[in-house]
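**Q** Right, I'll just put the structure down here and ask away after.
The values are calculated or read from the model by the stated rules, or taken from the named source; none is laboratory data. These figures come from a predicted structure and were not determined experimentally. Glycine gets a Cβ as well: all are built from the backbone with ideal geometry, and neighbour counts include every protein chain shown.
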Amino acid sequence: MAQSTSIEWTQATWNPVTGCTKVSPGCKHCYAARMANRLEAMGQPRYANGFRVTLQHDLVELPLSWRKPRKIFVNSMSDLFHDAVPIDFIRRVFSVMESAGHHQFQVLTKRAERLHSLRHVLPWPRNVWMGVSVENERYLERVSRLAEVPAAVRFLSLEPLLGPLPFLPLENIDWVIVGGESGPGARPMHAEWVREIRSQCREWGVPFFFKQWGGTRKARTGRTLDGKIWDEFPHPPLEGERRAPTPTPQSRRPGGPPRKRPRGGSRTPRGPTPRPWSRGSR
Ligand code: SF4
């Protein structure tokens, strides 16, 4: 598996599982599906099953052999919380991440429901960053579920961003990545959507990472927003540090009551979450 990657927010990928099934509109042009089918056609033995979920048992311990510390994106070619991945296998993956404490592991899922249901049976070492993907407002529920997972770092990948997200529930979220869709048939992402997310991150004190504009030729559109590259990262807790308890709505906004989402939608109070491990400004 790849020890290096072009994904801007990580340094390596590790795929103890390959293959997946599409669950929501963000999956429509799934890069992993395209690649897996291509590799199957090329006769790559690891992709003999194409994009069907396949456990790559011989790769589970791979990161233990990587001496140099790095950020590792777990399952860029799959979703670790897919129903077809047995709990025992997920546990093995977490156990390896715990043992490889010199790395930072970034796990990303769209299966927030399963993640949430397993949150108490998995270990949550400091070096595991847990994230969910959200493409539009309809899937904000994934964020609420992630917020209850006891991971040291909880992050959002808003890519491919397919609609505005004016009411992001950023309480207890430590990092936000935004990106537009790229490749054939890429759907558009509006600059106002990105700026609105950046503003919410500023308000909450959450690091903001702008990955790309995307489009059919992503090298041309680049990743500059308002003349700047936004490459902010979270600060994982140091040894012995613990996450602050969730603040009450009253403690969040000393100047008044929390904001409410209009039109009877879910409430999204705002205000900076205390982060005891913050170092420097964000
Ligand atoms: S969940 Fe991720 S890997 Fe699975 S089909 Fe959707 S985009 Fe692809």
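**Q** Starting from residues that are touching a residue at least 60 places away in the same chain (Cβ under 8 Å) and out of contact with any strand residue (DSSP E or B) (no Cβ under 8 Å at 6 or more places or on another chain), keep the ones in region 161-180 and report whichever is nearest to Lys218 (Cα to Cα).
**A** Leu162
**Q** Being free of Cβ contacts under 8 Å to residues at least 12 places away in the same chain and part of a loop (DSSP other than H, G, I, E, B) is the filter here, so list the residues in region 201-238 that pass it.
**A** Answer for region 201-238, where residues must be free of Cβ contacts under 8 Å to residues at least 12 places away in the same chain and part of a loop (DSSP other than H, G, I, E, B): Arg217, Gly222, Gly227.
**Q** Got a number for residues in region 117-130 being surrounded by fewer than 22 Cβ atoms within 10 Å (Cβ to Cβ) and within 16 Å of the ligand (Cβ to nearest atom)?
**A** Looking only at that region, the number is 0.
**Q** With the requirement that a residue be closer than 24 Å to Ala32 by Cα and hydrophobic (A, V, I, L, M, F, W, C), what does region 133-160 give you?
**A** Val134, Leu140, Val143, Leu146, Phe155, Leu156, Leu158
**Q** Moving on. Quick one: would you say Glu141 is within 16 Å of the ligand (Cβ to nearest atom) and at pLDDT 95 or above? So that I can check it myself, show each step before the final result.
**A** On the way: within 16 Å of the ligand (Cβ to nearest atom): yes; at pLDDT 95 or above: yes.
Yes.
**Q** Given (1) surrounded by fewer than 17 Cβ atoms within 10 Å (Cβ to Cβ); (2) within 26 Å of Asn136 (Cβ to Cβ); (3) free of Cβ contacts under 8 Å to residues at least 40 places away in the same chain, where does Asn49 come up short, assuming only one miss?
**A** If we test Asn49 against (1) surrounded by fewer than 17 Cβ atoms within 10 Å (Cβ to Cβ); (2) within 26 Å of Asn136 (Cβ to Cβ); (3) free of Cβ contacts under 8 Å to residues at least 40 places away in the same chain, just (2) comes out false.
**Q** Next question, about the same structure. Checking Asn75 against (1) within 14 Å of the ligand (Cβ to nearest atom); (2) closer than 15 Å to Val17 by Cα; (3) touching an Asp or Glu at 6+ places or on another chain (Cβ under 7 Å), which single condition isn't satisfied?
**A** All conditions pass for Asn75, except number (3).
**Q** Counting just the residues of region 161-208 that are more than 16 Å from the chain's Cα centre (by Cα) and small (Gly, Ala, Ser), which one comes out nearest to Arg34 (Cα to Cα)?
**A** Step by step, filter region 161-208, then rank; the result is Gly183.
**Q** In region 1-20, which residues are in a loop (DSSP other than H, G, I, E, B) and within 12 Å of the ligand (Cβ to nearest atom)?
**A** Within region 1-20, Asn15, Cys20 meet the criteria.
**Q** Select from region 21-61 the residues that are of a type in the set (D, E, K, R) and away from the ligand (no atom under 12 Å from the Cβ) and list them in ascending order. Walk me through it before giving the result.
**A** The initial filter retains those residues of region 21-61 that are of a type in the set (D, E, K, R), namely 22, 28, 34, 38, 40, 46, 52, 58, 61.
Arg38, Glu40, Arg46, Asp58, Glu61 - these are the residues of region 21-61 that are of a type in the set (D, E, K, R) and away from the ligand (no atom under 12 Å from the Cβ).
Here is a yes/no grid of residues against (1) buried (at least 17 other Cβ atoms within 10 Å of the Cβ); (2) over 21 Å from Trp124 (Cα atoms):
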{"site": "Ala33", "(1), (2)": "yes, yes"}
{"site": "Asn37", "(1), (2)": "no, yes"}
{"site": "Lys68", "(1), (2)": "no, yes"}
{"site": "Ala84", "(1), (2)": "no, yes"}
{"site": "Ile87", "(1), (2)": "no, no"}
{"site": "Phe94", "(1), (2)": "yes, no"}
{"site": "Leu108", "(1), (2)": "yes, no"}
